[in-house]
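Here is the structure we will look at, set down as structure tokens.
Computed from the coordinates by the stated procedures, all read-outs in this text should not be read as laboratory data. The structure presented is a predicted model; accordingly, all values stated were derived computationally and were not measured. Quick reminder, even Gly has a Cβ in these numbers, built from the backbone with ideal geometry, and neighbours come from all protein chains shown.
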Amino acid sequence: MNPDEQLYDEQVVRPYVISRGRTEARANLDLISLAVAIRQPTGLEVGLDPEHLAIVRLCRRPLSVAEIAAALDLPAGTVRVLLGDLLDSGFVAVQDPQPEVDVLDERMYRAVLDGLRAL
């Protein structure tokens with residue numbers, strides 16, 4: 001296998017394995033949805049992978065889906081799936097973005113651009 005094929009395999013296969021082949025999150029999460037840990041794992045939970053645990057550790061303070069993805073170097077879709085698992089099992093709470101956003105507000109666009117640059 002040449003280096004380019006190996007890099008491609010690592011970028012595609014790893015997230016697929018981490019999400020156990022799932023591509024759809026159980027919850028509707030935007031890139032700017034905020035997640036915060038509300039319960040810490042005891043170590044006895046079944047079904048929590050190292051990536052789940054890393055998300056709970058990161059979310060001791062509220063973080064957006066985009067920030068979590070950047071911190072873990074994972075695709076946002078994979079993070080959404082994992083956050084859905086954690087939400088269902090009661091480890092995180094998620095706050096969706098405020099619905100009344102002024103689409104003409106330049107600050108919102110700057111925040112989105114800053115988040116995308118962080119990826």
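What the table shows:
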read-out: Sorted by Cβ neighbour density within 10 Å, fewest at the top, the residues Val65, Val46, Val112; value: Val46, Val112, Val65
read-out: Summed residue charge, Cβ within 10 Å of Ser33's Cβ, Lys/Arg positive, Asp/Glu negative; value: -1
read-out: Volume in Å³ per residue [convex hull over Cα atoms, computed for segment 35-119]; value: 94 Å³
read-out: Estimated distance in nm for a label pair at Glu45 and Tyr109, the labels positioned 7 Å out from Cα along Cα-to-Cβ; value: 4.0 nm
